[in-house]
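Take a look at the structure below.
The values are calculated or read from the model by the stated rules, or taken from the named source; none is laboratory data. All values reported here derive from a predicted model rather than from experimental measurement. Here Cβ is always computed from backbone atoms with ideal geometry, including for glycine, and neighbour counts include all displayed protein chains.
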Amino acid sequence: MAERNVSGRNVSEDPTEVVTWKKEAPGIVHVTLARPPANALGPAILDGMHAAIDAAEKAGDVKVMVVSSALDGFFAAGADIKHLSKIDAESFTAYGDRMRAVNDRLAAAPFLSVAAVDGLALGGGLELAMACTLRVSGPRGKYGLPEVRIGLIPGAGGTQRLPQLVGRGRALDIMLTARQVPASEALAIGLVDRLTEGDVVEEALSLAAELTAGASLPAQLAVVRTVDAAFDLPVQQGFAFEAAQEQALFEDGEAAEGITAFIEKRRPDFA
């Protein structure tokens, strides 16, 4: 096991230790990040997230993945700056590709995902949270993309996903000033979807239970795809994509069971 010393503490670089997961309920898997002191997104966390996504896809029965942190005050504080200080341009490209690959896989996964944040979600940490389908914040959540302060841009999806969530002007304000957005403002501008005064993981798991209760996962994923298409396609192409998605669900999905259950006044039995 590779370890390094941070502020006098041994920090594991074993992906199986810094990223762990467990099944919380039928259809729900909970992934926990734990790389002190701040969950910097070094190779260990990135490899661990790939392994968690691999395991969820292999299981075949995961409907919602909840991603949270075991570290008090941090979701993830961003890229591993110490790692960046020691690498050349070619290695920087490879590192950026690894970060983007995790986020892109999470965003395109065959299940929904919920980020549970009650601390700092900065830089790559916010980009990871934005790659999730939804975000739940605790009162201590703070959000930012401060890369301009070190002469970079949010290059793991931040410049693309943040404007989709909060709009161009607000996104530029957040990125150009490098400021930290408090939880209440994040909720008001749509950066997070729920704000709780209670335990953020419990709230995220409660939301995951809502998402798995009586809803068709193929239909939910189709909703996500069609909403995303609203940002990517001209409006008429978006309408056509929406129609195609609905037709496919009717022909190949679980619509027959849902319609029958509605008529029979019972809960649908989706796979």
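Summary of values
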quantity: Check on ALA89, within 12 Å of the chain's Cα centre (by Cα) and surrounded by fewer than 23 Cβ atoms within 10 Å (Cβ to Cβ); calculated: no
quantity: The range 72-86, residues that are surrounded by 23 or more Cβ atoms within 10 Å (Cβ to Cβ), outside any loop (DSSP other than H, G, I, E, B) and at pLDDT below 95; calculated: ALA79
quantity: Residue match in the range 146-159 (condition: polar (S, T, N, Q) and over 24 Å from TYR95 (Cα atoms)); calculated: no
quantity: Output for the range 183-196, where each listed residue is outside any helix (DSSP H, G or I) and either in contact with a Gly (Cβ under 6 Å, 6 or more places away or on another chain) or surrounded by 15 or more Cβ atoms within 10 Å (Cβ to Cβ) (or both); calculated: LEU191, VAL192, ASP193, ARG194, LEU195, THR196
quantity: Unique residue being at pLDDT 90 or above and surrounded by fewer than 11 Cβ atoms within 10 Å (Cβ to Cβ) when the list is VAL235, VAL224; calculated: VAL235
quantity: Subset of the range 191-209 (residues that are free of Cβ contacts under 8 Å to residues at least 12 places away in the same chain and closer than 20 Å to ALA77 by Cα); calculated: none
quantity: Test for VAL62: is it surrounded by 16 or more Cβ atoms within 10 Å (Cβ to Cβ), assigned by TED's automatic domain parsing to the domain that holds ALA129, at pLDDT below 95 and not in a helix (DSSP H, G or I); calculated: no
quantity: Verdict on ALA188 being of a type outside the set (Phe, Trp, Tyr), within 20 Å of LEU126 (Cα to Cα) and without any contact (Cβ under 8 Å) to a residue 12 or more places away in the chain; calculated: yes
quantity: Selected residue (only one of VAL136, VAL102, VAL117 is touching a His at 6+ places or on another chain (Cβ under 7 Å), at pLDDT 90 or above, crowded, with 20+ Cβ neighbours inside 10 Å and assigned by TED's automatic domain parsing to the domain that holds GLN160); calculated: VAL102
quantity: Residue count for the range 197-254, restricted to those that are part of a loop (DSSP other than H, G, I, E, B) and closer than 19 Å to ASP61 by Cα; calculated: 6
quantity: Close pairs (9 angstrom Cβ cut-off, 6 or more residues apart or separate chains): under 27 Å from ALA230 (Cβ atoms) in the range 243-271, of a type in the set (Lys, Arg) and modelled with pLDDT of 90 or more anywhere; calculated: GLN245/ARG225
quantity: Residue check, LEU176 at pLDDT 95 or above and either outside the structural domain of ASN39 (by TED's automatic domain parsing) or buried (at least 16 other Cβ atoms within 10 Å of the Cβ) (or both); calculated: no
